[in-house]
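The values are calculated or read from the model by the stated rules, or taken from the named source; none is laboratory data. Note that the structure is a prediction, hence the values are computed from the model and not measured. Here the Cβ positions follow ideal geometry from the backbone for every residue, glycine too, while neighbour counts run over all protein chains shown. Only protein heavy atoms, including side chains, enter the accessible area calculation; ligands, DNA and RNA are left aside. Shrake-Rupley method; radii C 1.70, N 1.55, O 1.52, S 1.80 Å.
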Amino acid sequence: LMRRERNPLLTLYALAVYVFLFAPIVVLILFSFNDSKRNFVWRGFTLKWYVALLNDREILAGFWVSLKIAFFTACGSVVLGTLAAFALVKYRRFKGRTLFSGMVNAPLVMPEVVVGLSLLLMLVSVQNALGFPEKGALTIWIGHLLLGMAYATVVIQARLQDLNPQLEEAAMDLGARPQQVFWLVTLPMIAQALASAWLLTFTISLDDVVLSAFLTGPGATTMPLVIFSRAKLGLNPSVNAVATIIVVIVAIGVIAASYLIARTERRRQQEMAAAFRN
C-alpha cells in the first residue's frame, strides 16, 4: 500500500483556518474574566461580570426569549423540512414541483433584509384584516421558521437521496404498512440528519438579528437585539459573559448529540450485521 506523505503547506493552511475561526471565540471567553471594563486591556481575573449578568434583567429576559423562539423554531423547522424533503425526494413528479422547490430554497439565496421586509408587510396586512397576529414572539417565530425550514429541507433532503430504497421496499414486502415503514425503517436511518437540522436551525434562530429586528414587538426583544442596541453605546464584559455561556451550551449540545448519534449508528450497524449473519 502506498503511504500518503503529509503536505506541510496543507497542514499550515488547516491550522490558519482553525485559528481564523476559533481565535475570536477564545479571546471572547478569556476577556469575559477580565477585571477591566475595557476590552483588550487585561487587568486580572474576575468573575464579577458573571455576577453582574445575574442582575441584568434585560439580557436575561432577551436570552430567555431567544431560547424559547430558537427551540420552537428548530422543532417546527425539522417537521416542515422533513415533509418538504419527502415531497421532493419520494414524489419526484407532481404538478408544481419546480415552483415548490424554488419557493422552499428561496430564503437561502434571498437577502434577509428582503425576507424580513416582505414578512413585515404581509403580517401587517394580515393584522389589519384579521386583528392577528400582533408583532412579538409569534411573528419572530414565523420569520425564523421560514428561514429554518429551508435549511432543514436541504439537510434532510440530502440524507434521503442517499438512502437505499430497497430497504423500505423489503419492509413493505414483509407486510409493513407505509406508516410502519416510516417509523421503523426510514426515521431511524435519517435520525442523524434530523438531529443535524435541529442543531443548525436552533443556532441560526438563536443569533438572528435581521429578521428579529423587522418582526419584533413590545415585550419580545431577543438577546441579539439587546446586544446590538447596546453596541451603539459601548459594550461591557457582561456581554462577553453571556456569549461565553452560549458557546458552552452549544458546545455541550453538539458533543452530546454527536455522542448519541454515533452510539445509535454503531448499534444499528451491529444489528444489521447480526441480521445478515442469521
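Points to keep in mind about this one:
- Our coupling estimate for segment 113-122, obtained by passing each phi through the Karplus curve with A = 6.51, B = -1.76, C = 1.60 and θ = phi - 60°, is 4, 5, 5, x, 5, 5, 5, 4, 5, 5 Hz, Gly and Pro reported as x.
- Qualifying chymotrypsin sites (Phe, Trp or Tyr not before Pro) for segment 44-133 [loop in DSSP, other Cβ within 10 Å: at most 14]: TYR91, PHE94
- Under 28 Å between alpha carbons - lysine pairs in the chain that sit 8 or more apart or on different chains: 7
- Compared with the dominant principal axis of the Cα atoms in the chain, helix 137-162 is inclined by about 40°.
- Listed residues LEU147, LEU167, LEU108, most fluctuating in the chain (Gaussian network, C-alpha, under 10 Å): LEU167
- J(HN,Hα) series, segment 238-250, from Karplus relation 6.51 cos²θ - 1.76 cosθ + 1.60, nearest Hz, glycine and proline x: 5, 5, 4, 5, 5, 5, 4, 4, 5, 4, 5, 4, 5
- Of the listed residues LEU9, LEU117, the order by accessible area with a 1.4 Å probe, largest first, is LEU9, LEU117.
- Between the listed residues ALA220, ILE204, ALA231, the Cα displaced farthest toward the positive end of the dipole of segment 184-278, a dipole computed from Cβ unit charges relative to the Cα centre, is found at ILE204.
- For the chain, a simple Cβ point-charge model (Lys and Arg +1, Asp and Glu -1, everything else neutral) yields a dipole of about 380 debye relative to the Cα centre.
- For the chain, the longest site-free run once trypsin sites (Lys or Arg not before Pro) in DSSP loop states with at most 11 other Cβ atoms within 10 Å are removed: 96-231
- Helix-derived mean residue ellipticity, 222 nm - over the chain, DSSP H n ≥ 4, -39500 (n - 2.57), to 500: -25000 deg cm²/dmol
- Computed label-point distance, nm, for sites ARG263 and VAL247 using a 7 Å Cα→Cβ extension: 2.8
- Hz values of 3J(HN,Hα) by residue in segment 97-112 - Karplus curve (6.51, -1.76, 1.60), Gly and Pro given as x: 5, 5, 5, 4, 4, x, 5, 5, 8, 4, x, 6, 10, 8, x, 4
- Rounded FRET efficiency, nearest 0.05, which uses the C-beta distance separating ALA52 from SER101 and R0 of 35 Å: 0.10
- Computed lengthening from ALA176 to ARG43, 0.36 nm per intervening residue step minus Cα-Cα distance: 41.2 nm
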